[in-house]
Amino acid sequence: MNKGLELVGLLTQTGVAASIPPPVFSVFSLIAAVALLIFAFAATHNMQKRPGRLQNLAEIIYEFFDNLAVSLVGPHGRKYVPLAGTIFLFILFSNLLGLIPPGIAPTASLNTTIALALIVIVYVQYESIRANGIVGYFKHFARWGEVPVFIAPLMFIIEVVSELAKPVSLSIRLYANMFGKEQVAMALITALAVPLFKAAYIPLPIQFPVLLLGVLVAFVQAFVFSLLTLIYLALVTEHAHHHEEHAHAH
Amino acid sequence: MELGTGLYLMGLAIATGLGLPIAVIGAALGQGRAAAGAMEGMARQPELAGRIQTGMILALAFIESLVLFSFVIFFLLQGRLPTVGGQ
């Protein structure tokens, strides 16, 4: 009987992220990606001058990221909108999957979030080399021309370490938020279950407030991830484009 | 149980229980100051509310990630605690 209850608990609660094998997360991130594809196709396959509901939603999201990219990165930031928007939507879909009962958020696994963070960081390095050149890329690390020459090697080391810390903090922030939400929900479910009901899981929705908070966290964390993507891109490309714009002005 | 093992487990239990709350106290004070500053800025210049809000969310996320680091450490420590009793 307890076995059955445990199975029900497994199927209906999301707070079991620690004991779930990694392939399950892969399957759910695939589901999130397919859902995203269907949303994108449904919203854009028949575009009208007067948009319908889905097209309107897609346009709102796109315009939001367009404004954000232009205000953060500058006029050349428009080409980063697809990356930031896709990351936002994928993380949002993944996070929300964790709130639908049989599902679990793929972002509650460190594997998923490290993959996302690596995509962002590698792309940032690529854009930095493309914007500054290979010499400028290393000069940017050493803050060449901004600090005295004898401090430059020290700055180089500090900047390299902080660059390596970026994917770590980016991935752990998202992972710990989603994993933490699921663990707190699980703790609430199991806290009273054993002493009161002699069962592994409590048959009452006492984790409900945590799930409400989870909706908020899902949006905020997806937004923060794509916001940081844009800010990292802005940091590495601002110099080159700044000079370029000056050159055009003269 | 040996004295050394007992002291080790005691230290581990205290660290597991107190580490996260201490991090939360610090982050709560920091986030409170950040939000208060942002609100003041918004009240003074409502036309900049959007940009201030973006900056505030970013600052809050940075402060929060420090707590989450200690949260991850909490889970690492918790896994090392032995279970006691008939659970």
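The values are calculated or read from the model by the stated rules, or taken from the named source; none is laboratory data. Just so it is clear, the model here is predicted, and its values are computed rather than measured. For the accessible areas, the whole protein counts, side chains as well, though only heavy atoms, and no ligand, DNA or RNA atoms are used. Shrake-Rupley method; radii C 1.70, N 1.55, O 1.52, S 1.80 Å.
Summary table
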| item | result |
| --- | --- |
| Rounded to whole Hz, the Karplus (6.51, -1.76, 1.60) HN-Hα couplings of segment B:13-22, x for glycine and proline | 5, 5, 5, 5, x, 9, x, 5, x, 4 |
| Heavy-atom accessible area order for A:HIS76, A:HIS45, largest first, 1.4 Å probe | A:HIS45, A:HIS76 |
| Angle in degrees between helix B:49-80 and the longest Cα principal axis of chain B, rounded to the nearest 10 | 0 degrees |
| All Cα pairs of chain B, percent lying beyond 18 Å | 59 percent |
| Principal-axis tilt of helix A:22-44 within chain A, Cα atoms, nearest 10 degrees | 70 degrees |
| At least 40 Å² of accessible area lost relative to the chain alone, listed for segment A:157-189 with a 1.4 Å probe | A:ILE172, A:ARG173, A:ALA176 |
| Heavy-atom accessible surface of the protein assembly as shown: percent carbon and sulfur, 1.4 Å | 72 percent |
| Residues with amide H under 5 Å from that of A:ALA199, placed H, sequence gap 5 or more | A:VAL194 |
| Fluctuation leader among A:LEU188, A:LEU57, A:LEU211 - chain A, Gaussian network, Cα springs under 10 angstrom | A:LEU57 |
| Degrees between helix A:152-191 axis and first principal axis of chain A (Cα, 0 to 90, nearest 10) | 20 degrees |
| Centre separation in Å (Cα based) which lies between segment A:85-106 and segment A:38-81 | 20 Å |
| Whole-Å distance, taken between Cα centres, linking segment A:117-188 and segment B:13-73 | 21 Å |
| Taking N as its residue count, the alpha carbon Rg of the protein assembly as shown over 2.2 N^0.38 Å | 1.16 |
| Phi to ³J(HN,Hα) by Karplus 6.51 cos²θ - 1.76 cosθ + 1.60 over segment A:74-85, Hz, x for Gly, Pro | x, x, 7, x, 4, 6, 8, 4, x, 5, 5, x |
| Nonlocal Lys pairs with alpha-carbon distance under 26 Å, chain A (8 or more apart, or different chains) | 8 |
